[in-house]
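Below is one structure, written out as structure tokens; comments come after it.
Nothing in this text is a laboratory measurement; each read-out follows from the coordinates by a stated rule. Since the model is a prediction, treat every value here as computed from it, not as a measurement. Virtual Cβ from ideal backbone geometry, glycine too; neighbours counted across all protein chains shown.
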Amino acid sequence: MIEIKDPDEDFWTSRGNLEIIREVSRSRLLSEWAVLGCCLVREQSSLKAFLYITRNWKQVMAKRREIMSRKRVDDDYIASWFRYDPVSSPANKTKTSARAMAKSKAARG
């Protein structure tokens with residue numbers, strides 16, 4: 001029997017995190033390299049945001065204060081968009097009970 005060695009075996013066993021990525025990807029029937037790529041992209045994007053905020057902390061906070069201090073639109077103005085002003089008032093109907101309605105229906109035949 002011929003034993004075939006995986007050429008990437010040394011890479012995947014070099015670190016514990018890589019072994020975990022490999023095990024998880026194999027258990028989900030996914031490509032190890034695709035899962036590794038997704039992990040690297042996610043880590044890079046979170047690192048970029050963190051570094052940007054830490055380097056530009058004063059500007060980020062100034063922008064936040066500016067956004068929070070903007071005058072909000074008047075709530076009454078927005079409510080006026082949805083206000084319904086009928087042209088005429090509806091006719092007042094007297095409230096009758098179900099029993100009275102049944103009696104009047106029975107009387108009519």
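Kindly put TRP12, TRP57 in sequence by how many other C-beta atoms sit within 10 Å of each C-beta, fewest to most. Present the calculation step by step, with values, prior to reporting the outcome.
Details: TRP12 15, TRP57 10.
The fewest-first ordering by Cβ neighbours comes to TRP57, TRP12.
In the range 1-31, which GluC sites (Glu not before Pro) are in a loop and have at most 13 other Cβ atoms within 10 Å, using DSSP for the loop call? Walk me through the numbers before you get to the answer.
Details: sites: GLU3, GLU9, GLU19, GLU23; in loops: GLU3.
Filter output for the range 1-31: GLU3.
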